[in-house]
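We did not get these values from a lab; they are worked out from the coordinates using the rules stated. In this text, all values refer to a predicted model and were calculated from it rather than measured experimentally. Note that each Cβ is placed from the backbone with ideal geometry, even for glycine, and that neighbours are counted across all protein chains shown.
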Amino acid sequence: MDTKIQLTEKEMPQQWYNIQADLPKPMPPVLHPGTGKPIGPQDLAPLFPMECIKQEVSQERWIDIPEELQDIYKIWRPTPLVRAKRWEKALGTPAKIYYKWEGVSPAGSHKPNTAVAQAYYCKQEGVKRITTETGAGQWGSALSFATNLFGIECKIYMVRISYDQKPYRKMMMQVWGGKCVASPSNDTKAGRDILAKDPNSPGSLGIAISEAVEDAVQREDTKYSLGSVLNHVLLHQTVIGLETLKQFEKIGEYPDIAIGCVGGGSNFGGFIMPFARDKITKGKKTRIIAVEPTACPTMTRGLYKYDFGDTACTTPLIKMFTLGHGFIPAPIHAGGLRYHGMAPLVCHLYDLKLVEAVALKQNPCFEAGVSFARAEGHIPAPEASHAIRCAMDEALKCKESGEAKTIVFNNSGHGHFDLSSYEKYFAGNLEDTELSDAEIKKALADLPNVGE
C-alpha cells in the first residue's frame with residue numbers, strides 16, 4: 001500500500017459539513033452581553049458579514065462551497081493523508097499511524113481553509129478592511145494571504161509573547177500586505193488599559209480579541225474576523241475531516257483513534273466532526289481525543305459556563321469550557337493553544353461525551369515532535385506536537401498490548417518559524433507549566449452569572 005493517500009481535485013469536498021444538523025441535543029444559545037438574552041443576527045452584523053452569521057446559526061447539514069473558493073482551495077487542497085511507516089518502525093509499534101498533513105498550505109497551516117472563506121464573504125459585501133487577532137501567528141499570516149487575494153486591507157493584533165518569539169510570522173504577514181502590531185498595543189483603549197496596569201504584559205488571545213473587536217466596531221468599512229472558536233470557522237475547516245474520511249475509504253480502513261490539538265478548536269473541530277457524525281448516526285466507536293497544554297487546561301480543568309470570549313468583556317457570552325476571560329496563560333511556545341475558552345461546538349461534543357480531552361506538558365510534546373521529524377522529515381509546529389505526543393502515547397500502548405489499532409492525527413502545521421522554541425528545547429530551557437488548584441480557582445472567580 002502507498003504511504004501517501006492522495007485525492008484528485010475532482011474529489012475535493014464541494015460542501016462543508018455542519019454537525020448541528022446531527023447533534024443529539026441542541027447547543028446552548030449565545031447570549032447578548034448586555035441583556036443576557038439570546039442574540040439575533042443583527043447583534044452580530046457590526047462584526048461579521050451576514051453570510052458568515054447565517055452559517056453560524058444554520059441547521060443545514062451541508063453548505064455549498066462557492067466555486068471561486070473551490071478554485072482557491074486548489075492552490076493547496078486536497079492535502080495528503082500520510083501513513084507514518086518510518087515513525088511506526090522507530091516506535092516499534094504494531095499500530096498503523098496516519099497523519100493529515102495541513103502544513104502544505106501557503107501559510108503553512110490549516111488556517112487558510114477559513115481565512116479565504118471569510119475574506120470572500122467580506123468582499124461580497126463590500127468590506128474594505130478586516131481586523132483580527134493572532135496567537136502564534138498562523139492565523140494572522142493566513143488572513144493576510146486571504147485578504148491579499150481579494151484586495152482587502154488587514155490589521156492584525158498579535159499576542160505580545162508570540163510577536164517577540166516568532167518574528168518571521170510578522171514578515172509573512174507583511175509580504176502579503178497585512179499590518180501586524182503587538183498586543184496589548186497603544187492603538188486601542190483595551191490595549192492601553194492593559195498596558196497601564198502591566199507595561200510588560202505578555203498578552204493573551206483574550207486581550208488581542210478585545211483590541212481587534214474595538215478596532216472593527218469603530219469603522220463602517222471594517223469587519224472582524226476570527227480564526228477559531230465560532231461555528232462558521234469550524235464549518236469551513238470540515239474540508240479536513242471530509243477529505244480524511246474519503247482517503248480512508250480509498251484504502252478500505254477506518255480509524256480507531258482520531259486526535260487533534262486544541263486551542264480555540266478550529267483544526268480539531270474541522271478534523272473530527274465528520275468522525276463525530278459517524279459516531280452519532282452510524283454507531284462508530286472511534287475514540288476522538290482533544291489535546292491541550294497543561295499551561296492552559298481549558299477542557300480538562302475549566303468549567304462549562306457562560307463566559308466572554310475576550311478580556312474586555314465586549315463579545316457575546318458563549319457557553320464553553322473556560323478558565324475565565326481574564327486568564328493569561330504562561331508564555332509557552334504553542335501560542336495557538338493559549339486561549340482561555342474553547343469552541344462551543346467542541347465543548348458541546350465534550351459535554352455529550354462524544355470526544356475526550358487530555359492535557360500534556362510542553363517538553364514531552366517537543367520530544368515527540370523531534371521523534372516524528374527524525375522519522376518522517378516534517379518539523380511540526382509546537383501546537384501540532386501536542387497531537388503527535390498523544391498519538392505517540394497511544395501507539396506505545398499498542399506496543400505494550402500488541403493491538404494493531406489505526407491512529408490518525410491532524411498535523412495542523414509546520415514548525416519552520418518555531419525553530420527558536422526547538423533551540424530552547426535542545427538547550428533544556430523549556431519550562432513545564434502546570435497550574436495549581438488555587439490558580440485555577442482565582443482565574444474562574446470573575447465568571448458572569450448568567451444563563452444558568
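Annotations for the structure displayed:
- Counting only strands (runs of 3 or more DSSP E) that sit completely within the range 113-229, those holding 3 or more residues that are closer than 30 Å to Y17 by Cβ and of a type in the set (S, T, N, Q) correspond to 129-134.
- Failed condition for L345, given (1) under 18 Å from the mean Cα position of the chain (by Cα); (2) more than 29 Å from L226 (Cα to Cα): (2)
- When C313 is tested against (1) under 16 Å from the mean Cα position of the chain (by Cα); (2) assigned to a loop (DSSP other than H, G, I, E, B), only condition (1) is not met.
- K279 vs. criteria charged (D, E, K, R) and part of a loop (DSSP other than H, G, I, E, B): no
- Considering the range 183-201, and only residues there that are surrounded by fewer than 21 Cβ atoms within 10 Å (Cβ to Cβ) and in contact (Cβ under 8 Å) with a residue 60 or more places away in the chain, the residue that is farthest from the chain's Cα centre (by Cα) turns out to be D193.
- In the range 355-371 there is at least one residue that is under 28 Å from V30 (Cβ atoms), in contact (Cβ under 8 Å) with a residue 24 or more places away in the chain, in a loop (DSSP other than H, G, I, E, B) and not polar (S, T, N, Q).
- In the range 335-367, the residues that are under 13 Å from Y425 (Cβ atoms) and either touching a Leu at 6+ places or on another chain (Cβ under 6 Å) or surrounded by fewer than 24 Cβ atoms within 10 Å (Cβ to Cβ) (or both): K361, Q362, N363, P364, E367
- The set of residues in the range 425-452 that are within 15 Å of P364 (Cβ to Cβ) and touching a residue at least 40 places away in the same chain (Cβ under 8 Å) comprises Y425, L430, E431, D432, T433, E434.
- The listed residue being of a type in the set (F, W, Y), in contact with a helix residue (DSSP H, G or I) (Cβ under 8 Å, 6 or more places away or on another chain) and surrounded by fewer than 21 Cβ atoms within 10 Å (Cβ to Cβ), out of W139, W76: W76
- Just one residue in the set D310, D221, D256, D215 is charged (D, E, K, R), surrounded by fewer than 19 Cβ atoms within 10 Å (Cβ to Cβ) and out of contact with any Pro (no Cβ under 7 Å at 6 or more places or on another chain); that residue is D221.
- Within the range 96-109, not a single residue is surrounded by 24 or more Cβ atoms within 10 Å (Cβ to Cβ), in contact with a His (Cβ under 6 Å, 6 or more places away or on another chain) and among the β-branched types (V, I, T).
- Residue that is in contact with a strand residue (DSSP E or B) (Cβ under 9 Å, 6 or more places away or on another chain) and of a type in the set (S, T, Y), where the choices are S266, S228, S204: S204
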